[in-house]
Amino acid sequence: MAIRVGTSGWNYPNGPGTWNGVFYPARRWHGFDELAYYAEHFDTVEVNSTFYRIPSPDLSARWLARTPSSFEFSMKLYQKFTHPDMYLKRPGVSDWTVTPGDLDEFRAGIDPIAHAGRLAALLLQFPSSFHAEGETSGYLDWLLTALSDYPLAVELRHRSWSDAAAETTRLLGAHRAAWVRIDEPQFGDSIAQDFSVDADEAPLYYVRLHGRNATNWWTHDDADDRYDYLYQPQELQPFANAARRASDAGRRVVMYLNNHFSAKAVANAAVLKHQLGDLIPGDYPREMLDRYPDLSGIVATSGLPL
């Protein structure tokens, strides 16, 4: 079974953690396309923008057109379905009521990708404030049922879900939804991290690596600071080993690096692909190798200045 490795998002144009001048050129030539350039290096991406706004069908169709037919997208579910507190902070929003119309609009937005057979998964990411309780479990069950046409992956962050691991596994298993494996800083209420293959029996093994910047996780000057972390190769190796075990067990595997500050996710994704024995396609700019020496010897470089 194939193991796909990519990053969470591809567009980071601003701030101290921008990818411009690191992975992307600081000065663009005519017709330069970030997504197309990214797809020369990886065969999957996790789309973050769909968390902040529902995509139009035309936008999804354009993403398809800008990437090879073998390229797959994981799409993050719109925040209204998973983060009511965040949604209620939007200008002009005073009510949180999920309606069938909301579901229809989101489905219409991602269906071009789903119908093309290029949807790796629909990611339902819940915050640490989402606890395992009767009401929340019932809502999760309802939402998974409503989205059952898609391959599903659920990220849970509060320890109450792993404290009730058997119940959580049964709930997700009833919908063949993957329980997302996450790596992030650990706090008292953090979910237990379990990368074993037999923790559930979903057909998909979904991994998200957020970095381990505990100092800046909750307190930071810029939101991107929490993702300013570079995994060392020895820290990535256990995830490569787990992915192989899942693949050998007949499961599809997707892995996304979310430590996106200054394209550290790109560097770590390339190293992880190398540990899995994959070829590393595409040329990497010299700036990437200068910043991240672990890439030396495993990626090709254009040698062109950014």
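The values are calculated or read from the model by the stated rules, or taken from the named source; none is laboratory data. Computed from a predicted model, the values in this text were never measured in an experiment. Surface accessibility is based on the protein's heavy atoms, side chains included, excluding ligands, DNA and RNA. Shrake-Rupley method; radii C 1.70, N 1.55, O 1.52, S 1.80 Å.
As a test of reading the structure, rank Trp19, Trp10 by solvent-accessible area (1.4 Å probe, protein chains only), most first.
Most to least solvent-accessible, the answer reads Trp10, Trp19.
Tabulate in residue order the Karplus-calculated ³J(HN,Hα) for region 276-285, using 6.51 cos²θ - 1.76 cosθ + 1.60 with θ = phi - 60°, rounded to whole Hz; enter x for Gly and Pro.
7, x, 7, 6, 10, x, x, 8, 10, x
Would you check the accessible area of Leu122, probe 1.4 Å, heavy atoms only, in square angstrom rounded to 10?
So the heavy atoms of Leu122 present about 0 Å² to solvent.
Using alpha-carbon positions, what is the distance between the centroids of region 85-111 and region 222-246, in Å?
32
Taking Lys80 as the anchor, which lysines have their alpha carbon closer than 19 Å to its alpha carbon, excluding any fewer than eight residues away along the same chain?
Partners found: Lys89.
What whole-number distance in Å separates the alpha-carbon centres of region 268-303 and region 163-213?
So the separation of the two Cα centres works out to 29 Å.
Leaving ligands, DNA and RNA out of it, work out the accessible area of Trp218 with a 1.4 Å probe and give it in Å² to the nearest 10.
About 150 Å², ignoring ligands and nucleic acids.
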